[in-house]
Amino acid sequence: MGLKAAVPFVGMVMAECAQVGLMILSKAAMSDGMTNFIFVLYSNALASLILLPCSFFLHRSERPPLTFPILCGFFLLGLFGWLAQIFGYAGINLSSATLGTAMLNLIPGLTFILAVAFRMEKLDWRSSSALVKSTGTIVSVAGAFIVCYYKGPPLLMAPSTSNLPHELLSQQQNWIFGGLLLAVDCVMASAWLIIQALILKKYPAELIVVFFYCFSVTILSTIVCLFMERDPGAWSLKPTVRWIAVVYSGVFGSAFQVGVSTWCLQKTGPVFVAMFKPLGIVIAAAVSIICLRDTLYLGSLVGATVIVIGFYSVMWGKAKEEKVGVDDGVRSFESSSQKVPLLQSHTEETW
């Protein structure tokens, strides 16, 4: 593997590690008493401060005008992003970072469903790629149900895990509810991707869009926290794990991870980026068991495997669809280039 090919590989491994690190640190902070509302507020406020100078400096020469409909679109993007973060962090707090990482693989399939529903993508049942994407979506959703409702026997258990019956029942209930919250998070994240795609068509300045998204989430979080978090202690960044989680989320969760993933996407394409998603499940499971003393259950392993199969099916169908589109474009170009000389010779003969 040459250096040019190795850089995207290393970049995606680091991006997946950053994503898993965000989930694990956020769970640690919330387990220590920090609410998901405060965590989302601080994280997005820090990300906004980082992105403000960067976005306007990088887009200083090509900055589209900000109109009222565009600002409304930014607010709508922020609303769905805020809902996704609130549901996502609440779900991770009740379940585990491993489950949260596995459920993220639902997003491509759910985005496909929403794109078809809003007529952004056509569903041709005669096409093999459409059938594969549809089947992959159904398989992914089935895997999510397995993860949520079938816990199964423990495969790897932390030494301090309790076996009291009432605690096991409470953990099972929290696991199911956490899985449902993570499923809602995936739906909101899929809707967020659809809205983002619509906004970028009208306002193609990516970093400015991300800044206004984080800024909108900060405003929404501030309003909600002022009403819901009346305890002054809830706003504290002590103990240390709280401010470490916030700084990590603002720097690595937003700027680093999104930046590296976007760069790798431009260099290698979506299939290469998608290949690394299951790696996050392995990293999350290992770190959660070692650092957070979480337990790995058979249901998580089976469900995550089914979700990954569905995820790859959707991505394979999408890649095949794009390849067919490119091939059709090449054939169209070749046929038109063959017709041009015939037209020119016919014109010369008439003259």
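The values are calculated or read from the model by the stated rules, or taken from the named source; none is laboratory data. As the structure is a computational prediction, the values presented were derived from the model and not from experiment. As a convention, Cβ positions derive from the backbone with ideal geometry for all residues, glycine included, and neighbour counts pool all protein chains shown. The area values use the complete protein model at the heavy-atom level, side chains included, leaving out ligands, DNA and RNA. Shrake-Rupley method; radii C 1.70, N 1.55, O 1.52, S 1.80 Å.
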Whole-Hz Karplus couplings 3J(HN,Hα) for region 25-33, θ = phi - 60° and coefficients 6.51, -1.76, 1.60, Gly and Pro as x, run 5, 5, 5, 5, 5, 6, 5, 8, x
Which loop-located trypsin sites (Lys or Arg not before Pro) does region 1-110 contain, where loop means any DSSP state but H, G, I, E or B and the Cβ has at most 12 other Cβ atoms within 10 Å?
-> Arg60
Judged on accessible area alone, 1.4 Å probe, highest first, Trp175, Trp235 line up as Trp235, Trp175
For region 27-131, accessible area per residue (1.4 Å probe, heavy atoms of protein chains only), Å² | 47 Å²
Give the distance, in whole Å, between the Cα centre of region 110-136 and the Cα centre of region 182-205.
-> 17 Å
Efficiency of FRET from Cβ geometry, Asp32 and Val116, R₀ 51 Å, rounded to 0.05 | 0.75
Would you grab the residues whose amide H sits under 5 Å from the one on Tyr297? Only those 5+ places off in sequence or on another chain, please, with H modelled 1.01 Å from N.
-> Leu155
Net lengthening on full extension, Phe9/Glu229 (0.36 nm per residue, minus Cα-Cα) = 75.0 nm
Cross-link pairs Lys27/Lys201; Lys202/Lys318; Lys151/Lys201; Lys202/Lys320; Lys201/Lys320 - those with Cα-Cα distance over 31 Å | Lys27/Lys201; Lys151/Lys201
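Can you tell me how region 1-140 classifies by the Cα gyration tensor, rounded, prolate or oblate, using a/c under 1.5 as the rounded cut?
Verdict is rounded for region 1-140.
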Given the Cα-Cα distance of Ser127 and Leu66 and 0.36 nm per residue of separation, how much length would full extension add, in nm?
-> 17.9 nm
Between rounded, prolate and oblate, where does region 181-233 land on the alpha carbon gyration tensor, with a ≥ b ≥ c its root eigenvalues, rounded for a/c under 1.5, else prolate if a/b exceeds b/c?
-> oblate
Classified through the alpha carbon gyration tensor (a ≥ b ≥ c as square roots of its eigenvalues; rounded if a/c is under 1.5, else prolate when a/b is larger than b/c, else oblate), region 70-162 comes out oblate
